[in-house]
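Laboratory data are not the source of any read-out in this text; all were calculated from the coordinates shown. Predicted, not measured: the structure shown is a model, and the values here were computed from it. Glycine also receives a Cβ, built like all others from the backbone with ideal geometry; neighbour counts cover every protein chain displayed.
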Amino acid sequence: MTEPRSRITLRPGELVGLAALVAVFVGLITLMVTRELIFSLIVFGATFVLDLVTLAMLMLAVTPNKPADGERQPETLND
């Protein structure tokens, strides 16, 4: 079997990193506006989870399904 390319193996880390970056930004903005640490941590956590789920759903919508090893390609594209 061939080794997966480094781009493919780094993809999940990039998505988690992007979700964390957006969550940190939103958490810091919330902290600067409200000056309440607990509330900003709650907003940070909620934003991180929502971003992660959103990015995962977008990646599922964009990435085409590839057949498993040894599985043949379906005759129609609707299968």
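Ordering ARG11, ARG72 by the number of other Cβ atoms within 10 Å of each residue's own Cβ, fewest first, gives ARG72, ARG11. Report the Rg/Rh value for segment 13-55, based on alpha-carbon coordinates and the Kirkwood definition of Rh. Computed over Cα atoms, the ratio is 1.01. Couplings 3J(HN,Hα) for segment 44-61, derived from phi with the Karplus relation 6.51 cos²θ - 1.76 cosθ + 1.60 (θ = phi - 60°), are 4, x, 5, 5, 4, 5, 5, 5, 5, 5, 5, 5, 5, 5, 5, 5, 5, 6 Hz, where x marks Gly and Pro.
Remark: spin-label model distance ILE38-LEU15 equals 3.4 nm, labels positioned 7 Å along the Cα→Cβ axis.
Were the residues from MET59 through LEU31 laid out at 0.36 nm apart, the gain over their Cα-Cα distance would be 7.0 nm.
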